[in-house]
Every structure is written in structure tokens, then in C-alpha cells.
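Read the structure below first, then the notes.
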Amino acid sequence: MSPTCGGIDVFIGTVRNATKGKAVLRLEFEAYGKMALKEMQKIAEEAQAKWPIEKILLHHRTGVLQVGEVPVIIAVAAAHRDAAFDACRYIIDTLKQTVPIWKKEIFEDGEVWVAAHP
Amino acid sequence: MKVKVLAFGIAKDIFGSSSTAVELSGEATVEALRTALEMQYPRLKQLSSFMIAVNDEYAEAGQELAPEDEVAIIPPVSGG
């Protein structure tokens, strides 16, 4: 919150119970911690340079997450909503491309590292 | 030069360990390391891609490796 901000855009990622129609039991997240924090910091700075935004929150969990739990939260506070929406979208999209965090989907009959294979 | 390579995600499964060691005989560049890793672990070639990080930064192919560098293999990321 900030008196000069007119809006906060929040993205909350949640664990879904299925992928491509197949039931997911849980997710397991792993991170290369030092580098992940560094890349997250870079993304926040890039967003701050691109849009007139004031505050950014970028949070990601690791470990085992059950269906419905929250692996990622992004919040952006800005004077006006356009910047908040655009920056929030940019941050989550870029996080998914550059931050060294990995997600394994656990199914009844096995497990898969997401995006590993074509 | 012997290079210790940290592994995460599916790379840890492929190495069977959270790190591995690779011997680079000729020039010690990121590209040479990539080639050596793929020879030592052919399964890496089935991944859609992988990057190499040096000291917590994504590294370019031509970058030279130094003995004290922290090197990691970065399989396709899937955070969020």
C-alpha cells in the first residue's frame, strides 16, 4: 500500500488438480536458490524501468505443494491500473522463462518434470 | 580442467546425483562443457534445451571457465 498508489494488481498462482485431463496428486518445486533470487531481482528491476510502478512483491515457494496451495504470488502497486496490470503480467510471464525453479507433477502412475521434454 | 557441475530438476535424475564432474581436456569454455556433458550423459540431448550458469548467471557459449567458478546445468525452467 502507498498513499500515492491508486491500485494493486495481485497474481496468485494455485496448484491445479489436473494437467491435460490427467489427475495431479501434488507438485514438487525445486530452486537454484541464489540464482533464482538474482533473476527475480532482475525481473523486478526491469519492470520498474519499463512502467511507472512503485512497489513490487515477488514470492515463490519450494518443496511439496498440495492441490489448491499457492506456489507463487506477485503484487504490483502503481499510481494507475494500466501500469499495475501490465507489469504484473510481465513479471509472471518472465519469471516462468528465466527463474531457475523447476516443477515436478506427481500423478497416480508416475511423475513428470514440466517442460523438460519437447 | 575438472569442472564440478551442479544439477537441478531432471538433470539431477539424469546425473543420478545433485552434481557431477566433467574433465575438459582442451579449451575450458561453456560450449566445450556442453559437448562433454552431452557425451557423458546422452539423455541430455532429449531435453527440449538446457542452459549453463556460471556464478549464478546464464553463460554464453564462448565464455571461459575458471577453476573457482560455480557451474550449474539449468534444464528447462518451470516455475510459477
Label points 7 Å out from Cα along the Cβ direction at B:Lys4 and A:Gln41: separation in nm? 2.3 nm
Set the Förster radius R0 to 45 Å, insert the Cβ-Cβ distance between B:Ser18 and A:Ser2 as r into 1/(1 + (r/R0)^6), and round the FRET efficiency to 0.05. 0.60
Of all accessible surface on chain A at a 1.4 Å probe, what whole percent is carbon and sulfur? 55 percent
Counting only other residues whose beta carbon sits under 11 Å from that of B:Glu64, what net charge do I get with K and R as +1, D and E as -1? -4
Report the relative contact order of chain B, percent, no decimals, based on alpha-carbon pairs under 8 angstrom and at least 6 residues apart. 36 percent
Surrounding net charge for A:Ala75, when Lys and Arg each add one and Asp and Glu each subtract one, Cβ distance under 10 Å: 0
Between A:Ala23 and A:Glu69, 0.36 nm times their residue separation minus their Cα-Cα distance comes to what? 15.0 nm
On average, how many beta carbons from a partner chain sit within 10 Å of the beta carbon of a residue in B:3-13? 4
Percent of Cα-Cα pairs per 10 Å bin, from 0 to the last occupied bin, for chain A, please list those. 14, 39, 30, 15, 3, 0
Quick one: helix A:81-98 against the long Cα principal axis of chain A, what's the angle to the nearest 10°, folded into 0 to 90? 40 degrees
For chain A, the count of lysine pairs 8 or more apart or interchain whose alpha-carbon atoms are under 15 Å apart comes to 8
Which lysines have a Cα less than 20 Å from the Cα of B:Lys2, not counting those fewer than 8 places away in the same chain? B:Lys12
Could you pull out every residue, at least 5 positions away or on a different chain, whose amide H is within less than 5 Å of the one on B:Ile74? Hs are placed 1.01 Å off N in the peptide plane, and Pro or chain starts have none. B:Met51, B:Ile52, B:Ala53
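The values are calculated or read from the model by the stated rules, or taken from the named source; none is laboratory data. What you see is a predicted model, and the numbers here were worked out from it, not measured in a lab. Every residue, glycine as well, gets a Cβ built from its backbone with ideal geometry; the counts of neighbours run over all protein chains shown. Note: areas computed on protein heavy atoms with side chains; ligands, DNA, RNA excluded. Shrake-Rupley method; radii C 1.70, N 1.55, O 1.52, S 1.80 Å.
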